[in-house]
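Input: a single structure, listed below in structure tokens.
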């Protein structure tokens, strides 16, 4: 409900553009893929790709410093939901052109994270 109120507030401001809505929606989708990937490799062991085997960073765990290394489902979904609400609130609060820069930058970083996860687990595997 809070997310809906923030989004309605954003849409009522004249500086919020359709591009901002697309960027925000994209961030939600990419974050959802990240959550599904994290749930996947926390549920079942996944071999690291051969290039990474034996490397200290080849541990399939959550790398976001806000999360525990091995979050349970409630932590994973709860932190992600809070993060999305905070991201939306910051997006609404920022004036242009900083808003679009913020949204584009965070979307790029999250997309890079999902791509890295996909590489480490050998593909994007989504199980609902």
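Values in this text are rule-based calculations from the coordinates and carry no lab data. For clarity, every value in this text was computed on a predicted model and none was experimentally measured. Cβ placement follows ideal geometry from the backbone for every residue including glycine, while neighbour counts extend to all protein chains displayed.
Taking each residue as 0.36 nm, the span from residue 119 to residue 64 lengthens on full extension beyond its C-alpha to C-alpha distance by 18.1 nm.
With R₀ set to 30 Å, the beta-carbon distance separating residue 17 from residue 81 gives a calculated FRET efficiency near 0.75.
Once the Cβ-Cβ distance of residue 41 and residue 94 is raised to the sixth power relative to R0 = 35 Å, the FRET efficiency obtained is 0.55. Start at zero, step by 10 Å, and the Cα-Cα distances of the stretch 65-115 spread as 23, 45, 27, 5 percent across the bins.
Taking 7 Å steps out from each Cα toward its Cβ at residue 112 and residue 72 produces label points 3.4 nm apart.
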